[in-house]
Amino acid sequence: MKIFAVIDTNVIVSALISKHADSATVVVLSSIFSEDITPIYNEDILNEYATVLRRKKFNFSEEFINETISSIKDKGIHSDRINSGDILPDPKDLVFYEVALSVEESFLVTGNLKHFPKKPFIVSPAEMVEIIEATLSGNRNILSEAGARYGK
């Protein structure tokens with residue numbers, strides 16, 4: 001079973017600056033490259049990734065930034081937003097939420113759960129690691145009530 005997920009920028013940044021190969025954010029990002037997660041994105045999300053990764057404090061090379069974003073595009077799928085009508089504490093987060101809504105049974109992985117509505121499809125990196133492990137081990141029970149995640 002494929003796992004589709006919108007990955008919040010904070011998860012990507014945390015993974016790229018982490019010194020711990022076993023941290024949840026690193027595992028999530030690695031799972032994109034190993035194709036255990038199919039990332040969902042749109043141009044606004046890719047633009048935010050690029051803008052944040054170019055911040056001087058991270059000191060990432062332009063080549064590294066372009067390769068990272070290209071890999072996400074190559075491994076992922078583009079999707080348009082679904083207008084949710086929701087208002088979030090940070091309006092910049094709305095695109096991540098609405099793109100996640102556009103693909104049924106997808107997740108939104110974020111380190112800022114408090115910035116989003118409390119919905120079962122919005123998960124922390126650690127929760128996403130549990131989902132990946134359960135899926136790889138063949139335990140589909142963790143994903144069996146996808147409709148409930150979306151409040152249907």
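The values are calculated or read from the model by the stated rules, or taken from the named source; none is laboratory data. Remember, it's a predicted structure, so these values are computed and weren't measured experimentally. Here the Cβ positions follow ideal geometry from the backbone for every residue, glycine too, while neighbour counts run over all protein chains shown.
If I ask for residues that are assigned to a helix (DSSP H, G or I) and out of contact with any strand residue (DSSP E or B) (no Cβ under 7 Å at 6 or more places or on another chain), which ones from region 76-109 would you list?
To start, the set of residues in region 76-109 that are assigned to a helix (DSSP H, G or I) comprises 91-101.
Passing the criteria: Pro91, Lys92, Asp93, Leu94, Val95, Glu98, Leu101.
Within the set of pairs 6 or more residues apart or between chains, which connect a residue that is under 16 Å from Phe107 (Cβ atoms) inside region 31-45 to a residue that is in a loop (DSSP other than H, G, I, E, B) and hydrophobic (A, V, I, L, M, F, W, C) with Cβ atoms less than 6 Å apart?
If the second residue must be in a loop (DSSP other than H, G, I, E, B) and hydrophobic (A, V, I, L, M, F, W, C), the pairs left are Ile40/Val103.
Residue by residue through region 110-131, note down the ones that are assigned to a loop (DSSP other than H, G, I, E, B), free of Cβ contacts under 8 Å to residues at least 60 places away in the same chain and farther than 13 Å from Asp90 by Cα. Let's see the steps before the verdict.
Of all residues in region 110-131, those assigned to a loop (DSSP other than H, G, I, E, B) come to 110-112, 116-121, 124.
Remaining after also requiring free of Cβ contacts under 8 Å to residues at least 60 places away in the same chain: 116-121.
If the condition is that a residue be assigned to a loop (DSSP other than H, G, I, E, B), free of Cβ contacts under 8 Å to residues at least 60 places away in the same chain and farther than 13 Å from Asp90 by Cα, then Lys118, Lys119, Pro120, Phe121 are the ones that fit.
Name the residue that is farthest from His78 (Cα to Cα), counting only residues in region 132-152 that are at pLDDT below 85 and in a helix (DSSP H, G or I).
The qualifying residue farthest from His78 (Cα to Cα) is Asn141.
Tell me, which residue of region 60-93 that is of a type in the set (A, V, I, L, M, F, W, C) and at pLDDT below 95 is farthest from Lys114 (Cα to Cα)? Quick ask: steps written out before the conclusion?
Taking region 60-93 first, the residues of a type in the set (A, V, I, L, M, F, W, C) are 60, 64-65, 69, 72, 77, 82, 87-88.
Filter once more, so that each one left must be at pLDDT below 95: 82, 87-88.
Numbers: Ile82: 21, Ile87: 13, Leu88: 10 Å.
Among residues in region 60-93 that are of a type in the set (A, V, I, L, M, F, W, C) and at pLDDT below 95, the one farthest from Lys114 (Cα to Cα) is Ile82.
What are the residues in region 1-18 that are modelled with pLDDT of 95 or more and not polar (S, T, N, Q), if any? It would help to see each step written out before you state the result.
From region 1-18, those modelled with pLDDT of 95 or more are 3-18; that's our starting set.
Across region 1-18, the qualifying residues are Ile3, Phe4, Ala5, Val6, Ile7, Asp8, Val11, Ile12, Val13, Ala15, Leu16, Ile17.
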